[in-house]
Amino acid sequence: DTGSAAAVPIDDVDIAYVTPVTIGTPPQTLQLDFDTGSSDLWVFSSHTPASQVRGQEIYSPNKSSTAKLLEGHTWSITYGDGSASRGNVYVDNFTVGGLSVAQQAVQTAQQVSSSFTSETNIDGLLGLGFSTLNTVSPKSQLTFFDNAKASLDSPVFTVDLKAQAAGTYDFGFIDKAKYTGEITYVPVNTNPGYWTFTSSGYAVGSGSFSSQSITGIADTGTSLVYLPTAIVTAYYRQVSGATNSRNYGGYVFPCSSALPTFTFGVGDARFTIPSSYISYSPIAPGSSTCFGGLQSSSGLGINIWGDVALKAAFVVFNGANPPTIGWAKK
Ligand SMILES: CC(C)C[C@H](NC(=O)C[C@H](O)[C@H](CC1CCCCC1)NC(=O)CC[C@H](O)[C@H](Cc1ccccc1)NC(=O)OC(C)(C)C)C(=O)O
């Protein structure tokens, strides 16, 4: 089996991407944020209080002839940005881009935090991290990828995110038309459950490449790139007027400033993030001060290669044993 579905930016700065999925019988279509940085599949549902729903599509298990309540199971999750949700669990038919899983655990929200309510374009999340991170209790549940893996032609999914355009999530195959040159694979550390790998170093603009190990997670659910402070200050030293603003919570700079590119290494391969991705967005609509797409990870305790980096590559998440991650130019 294989599957392929679109990854569509939800706004004009690619803060997140959503992918259509269908749940139940007859099929109910929702737009989910596919997230390699977590491992819960949860949706806005008929159990979500109306006061917390603002236009999101919902899943109604009572309208699905194949839905079954997972008795006594609950879930509760809090993400890095402080947003949270919790609820109960059903199993039902679940399809992504032609790839179906018959008894997928679908976590129905009974409570979502205000940031989810206000994010009207996201109807829920589909976790693509390792199932060890799943929060369902008393028995944790498998991700869609883990459930589908045995039926896939190859135990992989690939991520091709684009700037202000629809990209794709492919399951079970590697589409040669989506990348150029070779794919460079490196090991993945699955503890505690992210796709953690080690980059071989970085360069700012046309500067020399600094070979150093940068261990971090490949996270489709994080918008920006968060790296060690020394690297980030070296970058913004090349940007006139850049400051690390406590007020705006990170590096900002005059939108008119010239920005260097940022290159990162994976093994012997080199990937360059265009300046336009790092000139992320004005701090407010129409402002001449811009917020950087590269920020310090010092407060996070983990380095994160988010969408700003993933957009610059074609990435293979290889779920074989042992798992690896592959990066290619496109
Ligand atoms: C609970 C654990 C098992 C897993 C958990 N994993 C994570 O927190 C990482 C994961 O990738 C989560 C997944 C996101 C949660 C919030 C909704 C969107 C998905 N990432 C995160 O928690 C990181 C948050 C993102 O970076 C937000 C996302 C966003 C999207 C739309 C609108 C506003 C904000 N972007 C964001 O803040 O962009 C700015 C900085 C430009 C404003 C953890 O490590 O704690």
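The values are calculated or read from the model by the stated rules, or taken from the named source; none is laboratory data. Since the structure is predicted, the reported quantities are computational estimates derived from the model, not experimental observations. Please note: Cβ atoms are built from the backbone with ideal geometry, for glycine as well, and neighbour counts cover all protein chains shown.
Determine, yes or no, whether Ala102 is more than 15 Å from the ligand (Cβ to nearest atom), modelled with pLDDT of 95 or more and touching a Phe, Trp or Tyr at 6+ places or on another chain (Cβ under 6 Å).
Values: more than 15 Å from the ligand (Cβ to nearest atom): yes; modelled with pLDDT of 95 or more: yes; touching a Phe, Trp or Tyr at 6+ places or on another chain (Cβ under 6 Å): no.
For Ala102, the condition - more than 15 Å from the ligand (Cβ to nearest atom), modelled with pLDDT of 95 or more and touching a Phe, Trp or Tyr at 6+ places or on another chain (Cβ under 6 Å) - is not met.
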Which ones in the stretch 144-185 are assigned to a strand (DSSP E or B), surrounded by 16 or more Cβ atoms within 10 Å (Cβ to Cβ) and of a type in the set (A, V, I, L, M)? Val156, Val159, Leu161, Ile183
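Could you pull out the residue among Thr95, Thr74 that is more than 20 Å from the chain's Cα centre (by Cα) and over 18 Å from Thr220 (Cα atoms)?
On the way: Thr95 fails: more than 20 Å from the chain's Cα centre (by Cα).
Of Thr95, Thr74, the one residue that is more than 20 Å from the chain's Cα centre (by Cα) and over 18 Å from Thr220 (Cα atoms) is Thr74.
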Which one of these does Arg86 not meet: (1) within 15 Å of the ligand (Cβ to nearest atom); (2) assigned to a strand (DSSP E or B); (3) surrounded by 20 or more Cβ atoms within 10 Å (Cβ to Cβ)? (3)
Given (1) within 16 Å of the ligand (Cβ to nearest atom); (2) loosely packed, with under 14 Cβ neighbours inside 10 Å, Ile217 misses just (2)
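If we keep just the residues of the stretch 240-250 that are touching a residue at least 40 places away in the same chain (Cβ under 8 Å) and more than 27 Å from Phe34 (Cβ to Cβ), which is nearest to the chain's Cα centre (by Cα)?
Looking only at the stretch 240-250, we keep the residues that are touching a residue at least 40 places away in the same chain (Cβ under 8 Å), and these are 242, 244, 248, 250.
After this cut, where a residue has to be more than 27 Å from Phe34 (Cβ to Cβ) as well, the list is 242, 244, 248.
Values: Ala242: 27, Asn244: 25, Tyr248: 23 Å.
Checked the stretch 240-250; the qualifying residue nearest to the chain's Cα centre (by Cα) is Tyr248.
Being of a type in the set (D, E, K, R) and either more than 16 Å from Thr220 (Cα to Cα) or within 16 Å of the ligand (Cβ to nearest atom) (or both) is the filter here, so list the residues in the stretch 126-168 that pass it.
To start, the set of residues in the stretch 126-168 that are of a type in the set (D, E, K, R) comprises 139, 146, 149, 153, 160, 162.
Answer for the stretch 126-168, where residues must be of a type in the set (D, E, K, R) and either more than 16 Å from Thr220 (Cα to Cα) or within 16 Å of the ligand (Cβ to nearest atom) (or both): Lys139, Asp146, Lys149, Asp153.
Table: residues versus (1) basic (Lys, Arg); (2) in contact with a strand residue (DSSP E or B) (Cβ under 6 Å, 6 or more places away or on another chain); (3) in contact (Cβ under 8 Å) with a residue 40 or more places away in the chain.
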| residue | (1), (2), (3) |
| --- | --- |
| Thr168 | no, yes, yes |
| Thr180 | no, yes, yes |
| Phe209 | no, yes, yes |
| Gln212 | no, yes, no |
| Thr215 | no, yes, yes |
| Ser223 | no, no, yes |
Need the failing condition index for Asp81 against (1) part of a loop (DSSP other than H, G, I, E, B); (2) surrounded by 16 or more Cβ atoms within 10 Å (Cβ to Cβ); (3) within 15 Å of the chain's Cα centre (by Cα), just the number. (2)
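With Ser39, Ser65, Ser51 as the choices, which residue is in a loop (DSSP other than H, G, I, E, B) and in contact with a helix residue (DSSP H, G or I) (Cβ under 9 Å, 6 or more places away or on another chain)? Show your work before the answer.
Details: Ser65 fails: in contact with a helix residue (DSSP H, G or I) (Cβ under 9 Å, 6 or more places away or on another chain); Ser51 fails: in a loop (DSSP other than H, G, I, E, B).
After ruling out the rest, the residue left standing is Ser39.
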Consider Gly293 against the criteria (1) within 15 Å of the ligand (Cβ to nearest atom); (2) under 19 Å from Val186 (Cβ atoms): it satisfies all of them except one. Which criterion is unmet? (2)
Say whether the condition of being closer than 30 Å to Ala6 by Cβ, at pLDDT 95 or above and within 16 Å of the ligand (Cβ to nearest atom) is met by at least one residue in the stretch 267-276. yes
In the stretch 36-83, residue nearest to the ligand (Cβ to nearest atom) [restricted to those that are charged (D, E, K, R) and farther than 17 Å from Leu142 by Cα]: Asp81
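Here is a yes/no grid of residues against (1) on the phi > 0 side of the Ramachandran plot; (2) of a type in the set (Asp, Glu):
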| residue | (1), (2) |
| --- | --- |
| Ile15 | no, no |
| Asp33 | no, yes |
| Asp40 | no, yes |
| Thr48 | no, no |
| Lys63 | no, no |
| Leu69 | no, no |
| Gly72 | yes, no |
| Thr78 | no, no |
